[in-house]
Every structure is written in C-alpha cells, then in structure tokens.
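Structure, as structure tokens:
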Amino acid sequence: MNYEQALERAHDALPDRPAADEQRLSIPDPEGEADGAFTRLTNLGAIADALSRDAEHVHRSIQRELGTSGQFEDDRARYNGEFDGVDFAAAIDSYVAEYVTCSECGLPDTVLATENGIDMLRCQACGAFRPVETRAASSSSQGQRPTLEEGKSYEVKIVGTGRKGDGVAEKGNYTIFVPGASEGDVVEAYIESINGNLAFARQA
C-alpha cells in the first residue's frame, strides 16, 4: 500500500463532518403524557437510542434537571409533577451538552465510559476527552444552591451547546439556556423563566 492509498484509507475512516446547516443529531421530540400527579415520557428509549446512550442514564439526568423524583421501566419513564414537551426538551438539551457533545470540536461522535471510577467523555472524531460533571441530585442540594431569580441578569460563561444550538451555562445547580450564545462566550444572561433546575434566558 503506497502513501496515497494509506492516506485515502485513513480519510475514509474519519466520521463525516456535517455541513453548517445540517443537524448532526436527529433526536425525536419528547412525548409527554399526563398520568394523574405524574407525567410520563413515553419515548425515552428512542431518544436514548438517538443519543447512543443508556436510557436509564438519560432518565436519571432528566430527573435531576427537572428537580423531581421518578421511575424508569421498559424504556419509559414517569416523573412526579406536571411537565410538558418544552420541559423535557430543555432537560435533554442539558444532557446533550454535558454527556454527548465534544467540548473541543462540537461533534456528537463521543463515547461515555468509566475510567478509574470517573465518567469520561471521549471523542472519536478529534480524540479529545474530558471528565463529565457529576452533580448531586437537586433533592439533596436544594438548600446549598445559590438563588437564581427571574427578571435579573447574571454574568455566565457558555460551556456547551444544547440540542437546538442554544448556548448552555451552569450556575450552581442551574442549567441556563441562552439563545445566540456560543461556547466560550461570557455573556450577561437575563433570566426570563425558571423551571426546576432549568433557566431560560436571553442576552441582556
């Protein structure tokens, strides 16, 4: 095998990079279903498959982001409280930013593995790796988290990108979504609404 053939073979082995206007991930819209005092997420299994992640792992993250308790069984999940598709989509965005998207190249070609007791995200596209954040469940840390208030602005650093391209920032136990912001930006985020551990903002 000569040099040109070897180079072509190596190039073919690389994952295709998406065009600028192409969504790399195709994630089903979350399907919520009211069930008395609970809300079911009926297509959690399909969402986890699209992310190439364990469904129960995704469930635990959604549960934490919504600030509630829940149950997982047979690729379906049930959460204590009333939630809609927007709530679930925001929680999934937060999961994608932390557990799927490479912080170096921005691609979702990653694997999640435990190494020496630490959850690591390794990118198969660029070779980058990083530990993933392990946040305590909100039920055990409510009293310790800083207060985030609607109608106020906070300086935050964008640390990831959500499912629909929104910038994602973290402040205490809150995940803040800031449309139009990019990873690495430091912005003034005006908090428009808060739901559990999720905050929705615009740039002030």
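Quick rundown of the values:
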quantity	calculated
Selection from segment 100-121 of residues that are charged (D, E, K, R) and in contact with a Cys (Cβ under 9 Å, 6 or more places away or on another chain)	104, 109
Filter result (in contact with a Lys or Arg (Cβ under 9 Å, 6 or more places away or on another chain) and either hydrophobic (A, V, I, L, M, F, W, C) or outside any loop (DSSP other than H, G, I, E, B) (or both)) within segment 30-44	32, 33, 34, 35, 38, 39, 40, 41, 44
Qualifying residues in segment 152-166 (those that are surrounded by 19 or more Cβ atoms within 10 Å (Cβ to Cβ) and not small (Gly, Ala, Ser)) - the one nearest to residue 104 (Cα to Cα)	161
Close pairs from segment 78-107: first on the phi > 0 side of the Ramachandran plot, partner part of a loop (DSSP other than H, G, I, E, B), Cβ under 7 Å, at least 6 apart	81/68
Long-range neighbours under 7 Å by Cβ, at least six apart or interchain, first residue within 19 Å of residue 118 (Cβ to Cβ) and not assigned by TED's automatic domain parsing to the domain that holds residue 63 within segment 130-159, second at pLDDT 90 or above and assigned to a loop (DSSP other than H, G, I, E, B)	none
Hits in segment 167-204 - residues which are in contact (Cβ under 8 Å) with a residue 60 or more places away in the chain, surrounded by fewer than 22 Cβ atoms within 10 Å (Cβ to Cβ) and not in a strand (DSSP E or B)	183, 196
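The values are calculated or read from the model by the stated rules, or taken from the named source; none is laboratory data. This one's a predicted model, so the numbers in the text were calculated from it and none came from an experiment. Positions of Cβ are generated from backbone atoms using ideal geometry, with glycine treated the same way; all protein chains shown enter the neighbour counts.
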